[in-house]
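Enquirer: Got a structure for you, questions after.
The values are calculated or read from the model by the stated rules, or taken from the named source; none is laboratory data. Small disclaimer: the values here were computed from a predicted structure and weren't measured. We place every Cβ from the backbone using ideal geometry, glycine too, and count neighbours over all the protein chains shown. Remember, those area values only see protein heavy atoms, side chains included, never the ligands or the DNA or RNA. Shrake-Rupley method; radii C 1.70, N 1.55, O 1.52, S 1.80 Å.
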Amino acid sequence: MDQLQLDGMPRRLFVCTPSKLSAFAECPRRYRMAYLDRPAPPKGPPWAHNSLGSSVHNALRAWWDEPLARRTPTRAAHLVRLLWITDGWRDAEQSASWRERAAEMVGRYVATLDPSREPRAVERQVAARTERLALSGRVDRLDDRDGELVVVDYKTGRRPPTDDDARTSQALALYALAVSRTLRRPCWRVELHHLPTGTVAGAEHDEASLRRHLGRAEALADDAERAGEALRSDTGPDTAFPPQPSRLCSWCDYRRHCPEGRAAAPDRESWDAVADREPG
């Protein structure tokens, strides 16, 4: 049984990541299934586009771990092949084709980097506590550019991000805040690096903009916590955490458990997000 909150006692912090907050904002029902239901409902099959993204991230992390002399585009492409994830693809042929495309993509991207300019961190876990949140997350790359800390997030989707995407990203803003708290140094700049096109979208935050993003995050946490309290008070799960159907329902891991989501968007094969980008 949950302990009662006593007057004068500090409020329990809401433990979260940017992904957890985003899940609640996009669909309370999906949030409940992912974070509250125990046992959690079985997920659907793995997605090929997630395998692509993870393979690219893993290769870039491994590339920065290489000795300086081995940080070449050729080595980066080879690391993609070594670390390739085969889950979710239509067949071995499609997987192999995308493996080579991803290898070329990563090799082309690292050719734009200075391999001797060591990042401040790669795949770094960062955390921050506010009056409301116990926030944590993992930053793809953290650069130190002449004393300025820069959060870098890799993207492999079909659409190149814009500067407005970087500016409005709650996740990037929360990463910047957590970096500042973890390293005790200000971090204002955030960037989205789109590997398929080489596009770099960036934004400069300040105290006011980070405070706005944090305020929205804390409001989401309040809403999620109220919904959880309602569920524990015998409010029905669909009332406490209603579905929020949209076109994103096609890609939901919990689609099989949600009739509203199935009605809102068509079924997708696990490779459809990448099939849309195949030649022809």
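Enquirer: As a check on your grasp of the helix formula, calculate [θ] at 222 nm for the chain: sum -39500 (n - 2.57) over DSSP H runs of n ≥ 4, divide by the residue count, round to the nearest 500.
Expert: Calculated from helices alone, the mean residue ellipticity at 222 nm is -13500 deg cm²/dmol.
Enquirer: So for the chain: antiparallel DSSP bridges make up what percent, rounded to the nearest 5?
Expert: Approximately 65 percent, going by the DSSP bridge assignments.
Enquirer: Can you tell me the length gained on complete extension of the stretch Asp222 to Arg277, counting 0.36 nm per residue apart and subtracting the Cα distance?
Expert: 15.9 nm
Enquirer: Then there is this: Once a ≥ b ≥ c are taken as the square roots of the eigenvalues of the Cα gyration tensor of the stretch 48-112, is the result rounded (a/c under 1.5), prolate (a/b larger than b/c) or oblate (a/b not larger than b/c)?
Expert: Since a/c reaches 1.5 and a/b is larger than b/c, the shape of the stretch 48-112 is classed as prolate.
Enquirer: Given a 1.4 Å probe and every protein chain left where it sits, what share in percent of the accessible area of the stretch 131-280 is carbon and sulfur?
Expert: Of all accessible area on the stretch 131-280, carbon and sulfur atoms account for 47 percent.
Enquirer: Would you please give the FRET efficiency between Glu66 and Ala230, computed as 1/(1 + (r/R0)^6) with r the Cβ-Cβ distance and R0 = 51 Å, to the nearest 0.05?
Expert: 0.50
Enquirer: Work out from phi, with θ = phi - 60° and the Karplus expression 6.51 cos²θ - 1.76 cosθ + 1.60, the ³J(HN,Hα) of each residue of the stretch 135-147, listed in order in whole Hz, and give x for Gly and Pro.
Expert: Once rounded to whole Hz, the list reads 9, 9, x, 10, 8, 4, 8, 10, 8, 10, 9, 6, x.
Enquirer: What is the set of long-range amide H partners of Ile85 at a cut-off below 5 Å, with H atoms built 1.01 Å from backbone N?
Expert: Ser55
Enquirer: How high is the relative contact order of the chain? Use alpha-carbon pairs under 8 Å, at least six apart in sequence, and give a whole percent.
Expert: 21
Enquirer: Modelled label-to-label distance, Asp146 and Asp206, 7 Å Cα→beta-carbon offset: nm?
Expert: So the two model labels end up 2.1 nm from each other.
Enquirer: Top to bottom by accessible area (1.4 Å), largest first, where do His193, His78 land?
Expert: His78, His193
Enquirer: Computed on alpha carbon atoms, what radius of gyration and Dmax characterise the stretch 227-280, expressed in Å?
Expert: 15.4, 54
Enquirer: Could you work out what % of the accessible surface of the stretch 48-112 is carbon and sulfur, using a 1.4 angstrom probe and leaving DNA, RNA and ligands out of the count?
Expert: C and S fraction of accessible area: 51 percent.
Enquirer: What is the distance in Å between the Cα centroid of the stretch 147-171 and that of the stretch 251-280?
Expert: 25
Enquirer: For the chain, what is the accessible area per residue in Å², given a 1.4 Å probe and the full set of protein chains?
Expert: Per-residue accessible area for the chain comes out at 54 Å².
Enquirer: Rounded if a/c is under 1.5, else prolate if a/b beats b/c, else oblate: with a ≥ b ≥ c from the C-alpha gyration tensor eigenvalues square-rooted, which is the chain?
Expert: oblate
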